[in-house]
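What follows draws every value from the coordinates through simple rules; no lab data is involved. What you see is a predicted model; the values in this text were computed from it and never measured. Every residue, glycine as well, gets a Cβ built from its backbone with ideal geometry; the counts of neighbours run over all protein chains shown.
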Amino acid sequence: MTFQVVWFILWGLLWAVYFMLDGFDLGVGILYRFLGRNEAEKSAIRRAIGPVWDGNEVWLLTAGGATFAAFPSAYASMFSYFYSALLIILFALILRGVALEFRAKGTSAAWGRSWDIALFLGSLLPALLFGVAFGNIFRGLPIDSQGYHGTLISLLNPYGLWTGVFYVLLFVVHGALWLAHKTTGKLEEKALRWAQTGSILELAAAVIFLGWTVLSTNLEGNYLRHPYWLVVPLLAVTSLLMIRFWAVQKKTGAAFFASCATIMLVTFTAIIGLYPNLIPSRLDQASSLTAFNSSSSPYTLKIMTIVVVVFVPIVIGYQVWVYRVFRNKLEPGESPSTGPIPY
């Protein structure tokens with residue numbers, strides 16, 4: 001296995017981990033406008049992600065940094081083709097972080113409403129636009145020897161938008177399960193109902209997304225050539241069904257881990273279909289950017305692999321420790337182990 005293949009797998013894995021971890025933060029932020037009916041509930045929702053959201057977002061930097069270092073040509077092209085969409089995502093993520101930090105700093109109603117809206121939009125826009133961006137990658141971009149022939153508006157095609165809707169549903173259900181697992185009382189009950197209803201919509205959206213993907217993309221090619229890879233989408237479907245099963249059983253921890261598995265498996269279903277393409281062209285296959293024609297030198301990839309082997313386990317260990325420290329359910333006005341916090 002070459003270093004280009006290793007880093008293609010790592011590239012997909014880093015994006016999958018980001019979607020799995022920050023996905024529930026984004027889902028909680030979207031649900032914030034619907035579940036938080038009073039200040040106590042709003043505070044509990046913010047505190048449910050307060051200790052972990054910034055650590056989860058680090059994986060976005062890791063995925064972006066890995067793309068830059070391992071596949072610089074693909075990174076440059078991606079940030080050129082998706083410049084407007086990625087800029088909106090960046091501003092939205094900044095807005096979300098500021099909203100979480102500033103919301104509890106003021107006491108006026110206008111102050112609270114403003115940051116509530118900021119938290120909602122700062123969560124919804126990234127969830128939607130990440131889906132739109134990856135949907136267009138799955139579909140293939142209008143690239144040929146003359147360059148890129150698309151615009152921000154052309155990215156908002158029906159398939160791209162539906163992929164965005166599918167991502168939003170994935171993250172909303174993920175966030176609802178996290179809230180149901182972390183909170184108590186009426187808020188827990190409301191979050192669980194959202195998860196139960198959302199899991200049905202998520203399943204329906206997944207069926208449409210899968211059929212549309214087969215009709216509109218070339219992702220099925222690798223599966224037809226190597227049928228054993230079909231185990232990955234089959235496991236994705238299984239984990240998706242298990243979300244609904246465990247949510248109905250009110251086993252929120254099991255349902256949340258099924259949701260984690262679903263996001264990872266859905267991402268890898270697409271990554272397997274893309275291989276070896278990072279940015280496929282739907283106009284001229286020769287213009288596609290792949291793991292082989294856009295990678296750094298083998299020596300660079302070798303050094304990066306050593307860095308990953310040494311430092312990523314440290315990061316994972318730290319995050320496991322954080323989640324363990326804040327593992328208990330929230331009580332009104334306190335985090336599970338550190339007392340009052342400013343969320």
Point to revise | Residue list for segment 183-216, filter: of a type in the set (A, V, I, L, M, F, W, C), under 20 Å from Ala254 (Cα atoms) and either within 19 Å of the chain's Cα centre (by Cα) or buried (at least 19 other Cβ atoms within 10 Å of the Cβ) (or both) | key: Leu187, Ala191, Leu192, Trp194, Ala195, Leu201, Leu203
Revision key, fill the gap. Looking across segment 123-168 at residues that are among the polar types (S, T, N, Q), in a helix (DSSP H, G or I) and more than 15 Å from the chain's Cα centre (by Cα), the single one that is surrounded by the fewest Cβ atoms within 10 Å (Cβ to Cβ) is Ser154
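Out of curiosity, is Ala40 part of a helix (DSSP H, G or I) and touching a strand residue (DSSP E or B) at 6+ places or on another chain (Cβ under 9 Å)? Outline the logic, then answer.
Values: part of a helix (DSSP H, G or I): yes; touching a strand residue (DSSP E or B) at 6+ places or on another chain (Cβ under 9 Å): no.
So Ala40 fails the test.
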Practice item. Could you grab me the full set of residues in segment 217-239 that are touching a residue at least 40 places away in the same chain (Cβ under 8 Å) and either closer than 30 Å to Asn328 by Cα or not in a helix (DSSP H, G or I) (or both)? Key: Thr217, Asn218, Leu219
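What number of residues within segment 242-255 are among the charged types (D, E, K, R) and part of a helix (DSSP H, G or I)? I'd like the intermediate steps shown before the answer.
If we filter segment 242-255 for residues that are among the charged types (D, E, K, R), which is where we start, we get 244, 250-251.
Pick out the ones that are also part of a helix (DSSP H, G or I) and you get 244.
Of the residues in that region, 1 qualify.
Could you count how many residues in segment 256-285 are farther than 15 Å from Gly23 by Cα, in contact (Cβ under 8 Å) with a residue 24 or more places away in the chain and in a helix (DSSP H, G or I)? Talk me through it step by step, then tell me what you get.
Here is the first cut: in segment 256-285, the residues farther than 15 Å from Gly23 by Cα are 268-285.
When the remaining residues are screened for being in contact (Cβ under 8 Å) with a residue 24 or more places away in the chain, the result is 268-276, 278-284.
From what's left, in a helix (DSSP H, G or I): 268-274.
Total meeting the criteria: 7.
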Exercise for review: Would you mind telling me which numbered condition in (1) closer than 22 Å to Asp22 by Cα; (2) hydroxyl-bearing (Ser, Thr, Tyr); (3) surrounded by 13 or more Cβ atoms within 10 Å (Cβ to Cβ) Tyr318 fails?
Suggested key: (3)
